[in-house]
Amino acid sequence: MNSKLIGSSLIIAGTAIGGGMLAMPIISSGVGFIGITIVMILIWLTMCYTAILLVETYKDNNPEDGLSTMTYKYLGKAGSIVTGISMLTLMYALVSAYIAGGSDILRLNLSKWLGADISPQITAFIFTVLFGGIVGLGARIVDIATKWIFVIKLLFLFVVIVVIFGHVKIDNLLQMPLESKLFFSSIPVIFTSFGFHIVVPSMVKYLDGDIKMLKKAFIYGSLLPLIVYVIWQLSILGSIEPETFFTIIKETKGLEAVIIAVNGVSESKWMNIPLNIFFAAAILTSFLGVALALFDYVKDLSKKKSFGKNTVIIYLITFIPPLLFALYYPKGFVIALSYAAISVVITSLFIPVLMYIKVKQERKESITLFQKIAFSLIFAFGTSILVIQVLMTAGILPILD
């Protein structure tokens, strides 16, 4: 395996593995390890397949072409606009989730260190100004910060898993879902955690349009998050009594519930340190990456406007909407991730399939029976996620946040 293939696989994996995995135990607590593992495997197969479809569309195109160019070419102006709106709403939803989750962790630690009860709104503002400021300094600073934080994240993830793995009990892993509706509610957040399609154009360019190597990169790069997620879920769900964990989450919203539950597993008073560092690092790497992408996207959209070169205005447009969400929904980490699933459905399921069908038509190639069945299942799956989100919004399906 050459260095470029390894590098691209790690970029793909790194794009998926982030703050979203922190929400997994929360939404999995009432589902059980077996049920949530089945969900993760099915979602991985679907997302890996559609990523390969998107790679296939580049076979006769310039590797330098971006997603906007490709969607405009094959799906017209309407397709390009829908993709653009989906990308924008996806990034805003993710930044909102990371501000909510990051401020939650910041509040817990400040309260512990200072011995004072600080409101979630204040910590949300501090988090946004402090770490959003790093984004405002540019990609070079974000790149340096992300590399160091990513290493810290992996190191302390390993420490957390090693400590709690010894407390895993088979009985906990074999528990059936506590509530059947929670099985469906878990799907949008798990689905969002496999969202790596945004890097397809970058990887095509990086690997010079080598379709064979690109397919390998997305198989290996998407398989790594699946393995990490399964080990993470096994460690958390296997070491905590399902009823106990479910009760803690219902009583204590947000990431604080996971911290409390995991701290209860180990008798060591030092367990709180690696756990908090890992949570903070996971949130920060995700926040910095997505916030930078959003900042640049807004700057690009505004370049023809009178304020297009005003960095302060661009900064405010980037961070005020997600900050407002975090102020009004301070425990909305899982909620925001769920809503992000709507945009991921469009950009990672619908768009790749529609583009691939159009490409096959232009090449005058027929679509096989297997592909027709697969495409039908993908559209049905994507539609079901949208329906689940609507039912969760309407209060028909429960939300663990």
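A few points about this structure:
- Any hit, region 262-284, residues being in contact with a Pro (Cβ under 9 Å, 6 or more places away or on another chain), more than 30 Å from residue 204 (Cα to Cα) and surrounded by 23 or more Cβ atoms within 10 Å (Cβ to Cβ): yes
- Condition check for residue 331: surrounded by 12 or more Cβ atoms within 10 Å (Cβ to Cβ) and among the charged types (D, E, K, R): yes
- Each residue in region 367-379 was checked for being closer than 22 Å to residue 40 by Cα and part of a loop (DSSP other than H, G, I, E, B), and 0 pass.
- Selection from region 116-133 of residues that are open to solvent by less than 40 Å² (accessible area, probe 1.4 Å) and part of a helix (DSSP H, G or I): 120, 123, 124, 127, 128, 132, 133
- The C-beta contact set for region 224-239 (first residue more than 17 Å from residue 255 (Cα to Cα) and touching a residue at least 40 places away in the same chain (Cβ under 8 Å), second residue surrounded by fewer than 22 Cβ atoms within 10 Å (Cβ to Cβ) and of a type in the set (Phe, Trp, Tyr), distance under 6 angstrom, 6+ apart or interchain) comprises 226/44.
- Inclusion of residue 227 among residues that are at pLDDT 90 or above, closer than 16 Å to residue 21 by Cα and open to solvent by 70 Å² or more (accessible area, probe 1.4 Å) is warranted.
- Given (1) buried (at least 18 other Cβ atoms within 10 Å of the Cβ); (2) out of contact with any Cys (no Cβ under 7 Å at 6 or more places or on another chain); (3) farther than 25 Å from residue 240 by Cβ, index of the condition residue 218 fails: (2)
For every residue, the table says whether it meets (1) over 16 Å from the mean Cα position of the chain (by Cα); (2) surrounded by fewer than 21 Cβ atoms within 10 Å (Cβ to Cβ); (3) small (Gly, Ala, Ser); (4) not in a helix (DSSP H, G or I).
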| residue | (1), (2), (3), (4) |
| --- | --- |
| 339 | no, no, no, no |
| 347 | no, no, no, no |
| 355 | yes, no, no, no |
| 361 | yes, yes, no, no |
| 365 | yes, yes, no, yes |
| 381 | yes, yes, no, no |
| 391 | yes, yes, no, no |
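- So residue 310, is it open to solvent by 10 Å² or more (accessible area, probe 1.4 Å) and more than 30 Å from residue 11 (Cβ to Cβ): yes
- Residue within region 64-81 that is over 18 Å from the mean Cα position of the chain (by Cα), aliphatic (A, V, I, L, M) and within 30 Å of residue 174 (Cα to Cα) present: no
- Within region 239-248, tally of residues that are assigned to a helix (DSSP H, G or I) and closer than 18 Å to residue 173 by Cβ: 6
- Selection count, region 179-199, where residues are farther than 21 Å from residue 333 by Cβ and modelled with pLDDT under 85: 2
The values are calculated or read from the model by the stated rules, or taken from the named source; none is laboratory data. All values reported here derive from a predicted model rather than from experimental measurement. In this analysis, Cβ positions are derived from the backbone assuming ideal geometry, glycine residues included, and neighbour counts consider all displayed protein chains. When the accessible area is computed, the model is the full protein with side chains, heavy atoms only, and any ligands, DNA or RNA have been set aside. Shrake-Rupley method; radii C 1.70, N 1.55, O 1.52, S 1.80 Å.
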